[in-house]
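J.: Starting off with a structure, shown below.
Every read-out reported here was derived from the displayed coordinates using simple, explicitly stated rules and does not represent laboratory data. Everything quoted here is computed from the prediction, not taken from an experiment. Here Cβ is always computed from backbone atoms with ideal geometry, including for glycine, and neighbour counts include all displayed protein chains.
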Amino acid sequence: MLEKFKIIAFTFFLLFSQFAFAQNKSRIYKKGWIDFNKNNQMDVFEDPKAHIDDRIKNLLSLMTLEEKTNQLATLYGYRRVLKDSLPVASWKNEIWKDGIANIDELNNGIIRGNTFYSNYLTYPHRNHADAINQTQKWFIEETRMGIPVDFTNEGIHGLNHTKATPLPAPIGIGSTWNKDLVLQAGHIVGLEGKALGYTNIYAPILDVPRDPRWGRVLECYAEDPFLIAELGKQMVIGIQKEGVAATIKHFAVYGVPKGGRDGQARTDPHVAPREMHQMHLYPFKRVIQEAHPMGVMSSYNDYDGVPVTASHYFLTELLREKYGFTGYVVSDSEAVEYVYTKHAVAGSYKEAVRQVVEAGLNVRTHFTPPSDYILPLRELVKEGSISMKTLDDRVADVLRVKFQLGLFDQPYVKDINLADKVVGADKHGDFAMDIQRQSLVLLKNDNNTLPLDKHKIKNILVTGPLATETDFAVSRYGPTDLKITTVLDGIKDYLGSSVKVSFTKGCEMVDATWPESEIIGTALTAKEKIDIDAAVEQAKQNDVIIAVLGEDEERTGESKSRTGLDLPGRQQQLLQALYATGKPVILVLINGQPLTINWANRYVPAILETWFPGQKGAQAIAETLFGEYNPGGKLPITFPKSMGQIEMNFPFKPASQAGQPGDGPNGYGNTAVVGPLYPFGHGLSYTTFDYSNLQLSAEKIKSQAEIKVSVTVKNTGSRKGDEVVQLYIKDKVSSVISYDSQLRGFARVSLNAGESKTIEFVIKPQDLELLDKNMNWTVEPGEFEVRIGASSIDIKLKKSFVVE
């Protein structure tokens, strides 16, 4: 009896103690402030009315070495590094008992690469917001200083979370040439991220891909720095408008690795200093100065022999001192390790840690425990290899972002139920459909082959390995667990029972020896012959053939650079066999980079570029093929005719992409194909447009003056359509060689049949700048030519002005 009484008493004691402990924790939440360090007094850093700089200074003075170093590392989320989806008692024994800078991809539905999961914490969405609150609560209540966590996640084409709103691949977003649309896209990414509890979104990518072989072309907006800057700026503004940080990436000179190689390469960009600043750093400089992102991700690669993540020049002199960046720099995964393992400019990992901290890196990220970085960092400070002042400076940048995000004033998701109301394609379906439509580019349309008239067609054959594929619509950096409609089903759904739609695959995505078959051809196997013959026989029984060809997710993307740009596998043989039937063939391209489709361009009457479409892609493709939607997208990247032409891109220096002389004293010949297959800015429509009345507000201006440009565009066709009006500038004579022309303005305008609109642009002094012989940005006096066109080659009107 006595023993039973003791057990009851002890149980009561435990319950009382837990209740008292919980009550004690709840006491840190005061009226108007939070007692993060639990000393029952308002310190300066806890005072919402105090200046941020004073709050940072005060907080730093109260932190231990352990707490400071922990603010310089990422903890990867559940099923990456964290083994727990919610806080557990054992966390008190982990290194993050002293806090952490950020937790990346916590419960977002990603395991690794394109391996996904879904559970009760990823969806319903309110559960995720609650899980973030529980995790944040642990760090605030269970660590000594209670410093809130920055919850980060990817978001380059829609938030990287289960059932979030999908966007097309970034190269498709770039094809819209629509700033307002990208601003809205950023707003949705930020809105969904905020509702789910994320506080920092890793987007957009501002890399400038100059080599189409590079696998990550599909993750970039364009090959042109101005277009990237304009769209990237809107994405950042949209995301941060919702009170979450945007982290731009990958800084810097990442988009042009030697030979376009990726994977184990990602090094040695061959870029001259002037080109680096005018081309590869231009988007970062403009977006930082005009949109003020709170985060920058440093890249893996080197520049001129120095790893960027270990470069004081890039991370401090350029980023902070020249560009004015005030947020925190997070490394791309393994960028710190590469300083030692790949670049070999450090003799040990500990030395690599020292180099990156001295250079200006704030937070290390990698798919290994944060202790791998934190422990050697502590050693470096204790032994005097890194000063406490340097450490404080790096920590201060991280704390500043957390204060700016309001994490020290409102660290929790206020209304977890809001997530169910605002997150998901079903909440933003009209927008997802609109951006998908606007991303489509009509490359060719001989004799108005498109749009197809469903009232005049009885039978259609849909063929090709991508007609029934969906993997391209789901990305490791975008939403997951979405219901994807195939192109075949999209066409069937659109046509209903009015047209008979047949399908045969025709060929596999690739042949057995690909990619080796791109350099050493092999004969068709018996099965490949049977598959192509079956497609041909079916084609003969149909009125129209829609061939859906290109690349799937396994053929292009991160670490998937190519050594050839032709249609992979037996797709070219299938296309030629279909064409030989004499039936009309429409080519629908699904791909992540420009392809050298020379044969198709010569013989196939209509070609529609769709890039890697998202969840709404099949419907948008069907609507476009049958004329419900009139395509108006433009190429944000040049299509070369041959691998041998690379680099073939825009902008380019005068004569750098010219042909060969027919005769002359310095040699002549006819040994190479000349010019692009499709130029930068190219894109057709089902209607026609006329340009007229180009006007400049002045014929002469001073170097720091603005000049206004206006032009009238008229829809001269019979149906509504979009035109992207493009403004290019040519510096006629300069002290150093300038680009043949540079994009300096664009506007996507929708016009009804017969409608006219006057489009206005403002050319600012920075639009005329170049780096002079002394590497100073300057506007030089002289003549500048304004070129207005429908592409970089299709120039409609020209007019000049003079800078005095």
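J.: Can you tell me the mean projection area, over all orientations, of the convex hull of the chain's alpha carbons? Units nm², please. Please report the intermediate quantities before stating the final value.
T.: Values: hull surface 169.5 nm².
Projected area, direction-averaged: 42.4 nm².
J.: Under 8 Å for C-alpha pairs, at least 6 residues apart: give me the relative contact order for segment 689-803, rounded to a whole percent.
T.: Details: 268 pairs, mean separation 37.1, N = 115.
Taking the mean separation of contacting Cα pairs over the length of segment 689-803, I get 32 percent.
J.: Using a simple spin-label model with points 7 Å from Cα along the Cα→Cβ vector, what separation in nm is obtained for T758 and N93?
T.: 7.6 nm
J.: Can you compute the FRET efficiency between D493 and K456 using 1/(1 + (r/R0)^6), with r the Cβ-Cβ distance and R0 = 25 Å? Round to the nearest 0.05.
T.: After rounding to 0.05, the efficiency reads 0.80.
J.: Now a separate question. Using a cut-off of 18 Å between alpha-carbon atoms, which lysines can reach K31, once sequence neighbours fewer than 8 places away in the same chain are excluded?
T.: K49, K137, K414
J.: Continuing with this model, one more query. Compute the distance in nm between two label points, each set 7 Å from the Cα along the Cα-to-Cβ direction, one at E706 and one at T368.
T.: 5.1 nm
J.: Suppose every Lys and Arg Cβ carries +1 and every Asp and Glu Cβ carries -1, with no other charges. What dipole size does the chain come out with about its Cα centre, to the nearest 20 debye?
T.: Working: 90 positive and 97 negative charges, 225 e Å.
The calculated dipole for the chain is roughly 1080 debye.
J.: Further, regarding this structure: Any of K163/K194; K483/K560; K505/K529; K444/K720; K444/K505; K25/K241 with alpha carbons more than 21 Å apart? Name them for me.
T.: Cα-Cα > 21 Å for K483/K560; K444/K505; K25/K241; rest within.
J.: Something else now. Just the number, please: Stokes-Einstein D of segment 63-422 in µm²/s, Kirkwood Rh from C-alpha pairs, 25 °C, 0.890 mPa s.
T.: Values: Rh = 20.3 Å.
Translational diffusion coefficient: 121 µm²/s.
J.: How about segment 330-390: which GluC sites (Glu not before Pro) there are in a DSSP loop, with at most 14 other Cβ atoms within 10 Å of their Cβ?
T.: Qualifying residues, ordered by number: E383.
J.: Placing +1 at every Lys and Arg Cβ and -1 at every Asp and Glu Cβ, with all other atoms neutral, what dipole size does segment 63-422 have around its Cα centre, in debye to the nearest 20?
T.: Details: 39 positive and 43 negative charges, 45 e Å.
In total the dipole reaches around 220 debye.
J.: Another question, then. When the helices in the chain are scored as -39500 (n - 2.57) per DSSP H run of 4 or longer and the sum is shared across all residues, what 222 nm value do you end up with, to the nearest 500 deg cm²/dmol? Could you put the intermediate results ahead of the total?
T.: Numbers: 19 runs with 221 residues, N = 804.
Helix-only estimate at 222 nm: -8500 deg cm²/dmol.
J.: Pick out, from Y349, W91, Y678, the residue whose Cα sits farthest towards the positive end of the charge dipole of the chain, with +1 on the Cβ of Lys and Arg and -1 on the Cβ of Asp and Glu.
T.: Going by the charge dipole, the pick is W91.
J.: I would also like to ask the following. Suppose we look only past 21 Å in the calculated P(r) of segment 34-120. What percent of the Cα-Cα pairs does that tail hold? Walk me through the numbers on the way to the answer.
T.: Details: 1764 of 3741 pairs.
Counting pairs separated by more than 21 Å, the tail of P(r) holds 47 percent.
J.: Taking the Cα centre as origin and putting +1 on Lys and Arg beta-carbons and -1 on Asp and Glu beta-carbons, what dipole magnitude results for segment 440-645, to the nearest 20 debye? Walk me through the numbers on the way to the answer.
T.: Values: 21 positive and 25 negative charges, 114 e Å.
Roughly 540 debye, rounded to the nearest 20.
J.: Given Cα pairs under 8 Å that are at least 6 residues apart, what percent is the relative contact order of the chain? Could the numbers behind the result be given before it?
T.: Numbers: 1829 pairs, mean separation 98.2, N = 804.
Relative contact order of the chain: 12 percent.
J.: Something else: Which residue, chosen from I586, Y340, G295, occupies the Cα position most advanced towards the positive end of the dipole of the chain, where the dipole is computed from +1 (Lys, Arg) and -1 (Asp, Glu) charges on Cβ about the Cα centre?
T.: Final value for the positive-end residue is G295.
J.: Of the cross-linked pairs K30/K97; K233/K285; K179/K714, which ones have a Cα-Cα span greater than 19 Å in the structure shown? Don't skip to the answer; put the middle values down first.
T.: Details: K30/K97 23 Å; K233/K285 11 Å; K179/K714 21 Å.
Pairs exceeding 19 Å: K30/K97; K179/K714.
J.: Right, another one. Let me check I've understood the local charge: for D471, count other residues with C-beta under 9 angstrom from its C-beta, Lys and Arg +1, Asp and Glu -1. What total comes out?
T.: Details: positive: none; negative: E469, D552, E553, E554.
Once all neighbours under 9 Å are counted, the net charge is -4.
J.: Assign one of three labels to segment 24-64, namely rounded, prolate or oblate, based on the Cα gyration tensor with a ≥ b ≥ c the square roots of its eigenvalues; rounded applies when a/c is under 1.5, prolate when it is not and a/b is larger than b/c, and oblate otherwise. Intermediate results must be reported in sequence, preceding the final value.
T.: Values: a/c = 3.26, a/b = 1.44, b/c = 2.26.
Judged from the Cα gyration tensor, segment 24-64 comes out oblate (a/c at least 1.5, b/c at or above a/b).
J.: Once the convex hull of the C-alpha atoms of segment 689-803 is built, how many Å³ does it hold per residue, rounded to a whole number? It would help to have the intermediate numbers written out before the result.
T.: Details: hull volume 9.6 nm³, N = 115.
Cα-based convex hull of segment 689-803, divided per residue, equals 83 Å³.
J.: Roughly what % antiparallel, to the nearest 5, for the DSSP beta bridges in the chain?
T.: Details: 51 of 96 bridges.
For the chain, the DSSP antiparallel bridge percentage is about 55.
J.: I would also like to ask the following. Just to be sure I follow the definition: excluding the sites themselves, where is the longest run in the chain that has none of the chymotrypsin sites (Phe, Trp or Tyr not before Pro) in a DSSP loop with at most 14 other Cβ atoms within 10 Å? Walk me through the numbers before you get to the answer.
T.: On the way: sites that count: Y120, F367, Y668.
The longest uninterrupted stretch comes out as 368-667.
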